[in-house]
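Take a look at the structure set out below.
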Amino acid sequence: MAMDERRWEDLNIDCLVNILEELSWYRASLNPSCWERLIFSDIKSSYLELEYYFIAENWVDYPLLQRFVHQYQIDESHFSTTAFIKFVVNRSKGDATALRLPPYASETDLKYVSDVCGDLKGVGLPADLVYDKSGVITELIGKWKRLEWLTLGSSYDLVKILSQISIHCKDFWGLRVSNSNIFNDEAIAIVNFLPKIKHLILRYAHIDRDALMKLLQGCTELQVLDVSDCIGFSEDDGKF
């Protein structure tokens, strides 16, 4: 019988110190296990907490890449965000399980990641990418067979996206949509396409009372529903 996987934190501290004294940090960083969560952000969070609305015009507007360029003294005129994303993705050797693309990500970036990383469980996509390339996203969902959680920066074409998730992603349980419009069609789509959804985060959404009631009545396995800071209904409504 195979032995249980060992964890670094369970190792005797003296043994751990001896290992780290001999091991090159560069060599250690090449291990794909160090690149399972590809979060292109300055915010340290799990993919359950991914939320962003800021839309950057290019990499200059994004602190993460500013630091990278300055740290390694890269000629800004030759810096490519796509090349940077590919560099990080390639370090994962296709083993990445969580991905959050930055606000400046392109269709090329999204397709590349989808081709290389076939075991993604959590994906976060920025608003401009959802709005401009929703058709591409619906096509690529077919490659995300293990997807469990999706964060969208926009509710644009949400119905089409959810319909593909219902077909291809049998382990899906969590959805977060930032700054969204959730009305009758969107609520019905969530209920029909994601009947077993457990976490639904709709903060800062415009959601009317009828849509909210459909979600409460139709999503019977919900464990977390976050509609804080929303407009369109009153939390004092006695009918809730």
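What follows draws every value from the coordinates through simple rules; no lab data is involved. Note that the coordinates shown come from a computational prediction; the quantities given were computed from them, not determined experimentally.
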* **For Arg176, residues with placed amide H under 5 Å, excluding near neighbours** => Leu150, Thr151, Leu152, Ile201
* Note, ³J(HN,Hα) from phi for the stretch 149-165, Karplus 6.51, -1.76, 1.60, rounded to Hz, x at Gly and Pro -> 9, 9, 10, 10, x, 7, 8, 4, 6, 4, 4, 5, 5, 5, 4, 6, 4
* Structure fact -> The extension gain from Asp10 to Ser29, computed as 0.36 nm times the residue separation minus the Cα-Cα distance, is 4.8 nm
* **Nonlocal amide H pairs with Ile39, under 5 Å, H built at 1.01 Å** => Arg100
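Of the cross-linked pairs Lys111/Lys198; Lys86/Lys170; Lys121/Lys196, which ones have a Cα-Cα span greater than 25 Å in the structure shown?
Numbers: Lys111/Lys198 28 Å; Lys86/Lys170 28 Å; Lys121/Lys196 16 Å.
As for pairs spanning more than 25 Å Cα to Cα, those are Lys111/Lys198; Lys86/Lys170.
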* Asked: With θ set to phi - 60° and the Karplus curve 6.51 cos²θ - 1.76 cosθ + 1.60, what are the ³J(HN,Hα) couplings of the stretch 179-192 in order, to the nearest whole Hz, using x for Gly and Pro?
  -> 6, 9, 10, 10, 10, 4, 4, 5, 5, 4, 5, 4, 5, 6
* **For the stretch 167-177, Karplus couplings with θ = phi - 60° (6.51, -1.76, 1.60), whole Hz, Gly/Pro x** => 7, 9, 10, 6, 9, 5, 9, x, 9, 10, 10
* Compactness ratio of the stretch 90-188: Cα Rg over 2.2 N^0.38 Å, N = residue count? -> 1.00
